[in-house]
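The values are calculated or read from the model by the stated rules, or taken from the named source; none is laboratory data. All values derive from a computational prediction rather than experimental measurement. Methodologically, a virtual Cβ is constructed for each residue, glycine included, from the backbone with ideal geometry; neighbour enumeration extends over all protein chains shown.
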Amino acid sequence: MSTFKEYAKRAKDRLKSGFWEQARQNILTEQQVAATLGLNTRKVGEEGKRMLERKIYDYDGFCEEQEFYNKVAQILESDELVSNPIMRLADQQYLAGLTPAERQSYISKLAAKYRAAVERYRSIHK
């Protein structure tokens, strides 16, 4: 199936399933919660809209990012002391096939991604 047809099918599915009404309601709910916690409601609304954009325009990347974030959140919420979370998040099979330089690059990118996920987690769970 062509990319254009795939995008059109996803858009049609979003309209049929009530996606937009649910998205609007989720953003309003998050803003109300933020207001009760004393957080900046405008910032929360903008973050919700950015997440919605990523979900629509980069669906595969969004799902991958959410999966990674969920793994980081599990690590942070667990009672277990994790001494090297980056290696726990790394794809060990992929890592085994890399040269030392490629391995270092992969770990550096993974560490940056981990830091961003931790910052996101901490901003949400203040």
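Some points to look at:
- Any hit, segment 82-103, residues being over 30 Å from residue 3 (Cβ atoms) and modelled with pLDDT under 85: yes
- Looking across segment 32-76, the residues that are more than 19 Å from residue 111 (Cα to Cα) and either among the hydroxyl-bearing types (Ser, Thr, Tyr) or touching a Pro at 6+ places or on another chain (Cβ under 9 Å) (or both) come down to 36, 41, 57, 59.
- Residue 122 meets each of the listed conditions (1) modelled with pLDDT under 90; (2) closer than 30 Å to residue 36 by Cα; (3) surrounded by 12 or more Cβ atoms within 10 Å (Cβ to Cβ); (4) of a type outside the set (Phe, Trp, Tyr) apart from (3).
- Scanning segment 30-53 for residues that are surrounded by 15 or more Cβ atoms within 10 Å (Cβ to Cβ) and either modelled with pLDDT of 85 or more or part of a helix (DSSP H, G or I) (or both) gives 30, 31, 34, 41, 44, 45, 47, 48, 51, 52.
- The selection criterion, being within 14 Å of the chain's Cα centre (by Cα), of a type outside the set (A, V, I, L, M, F, W, C) and not assigned by TED's automatic domain parsing to the domain that holds residue 3, holds for residue 64.
- All of (1) closer than 23 Å to residue 123 by Cα; (2) in the same structural domain as residue 123 (by TED's automatic domain parsing); (3) free of Cβ contacts under 8 Å to residues at least 12 places away in the same chain; (4) not charged (D, E, K, R) hold for residue 104 with one exception: (1).
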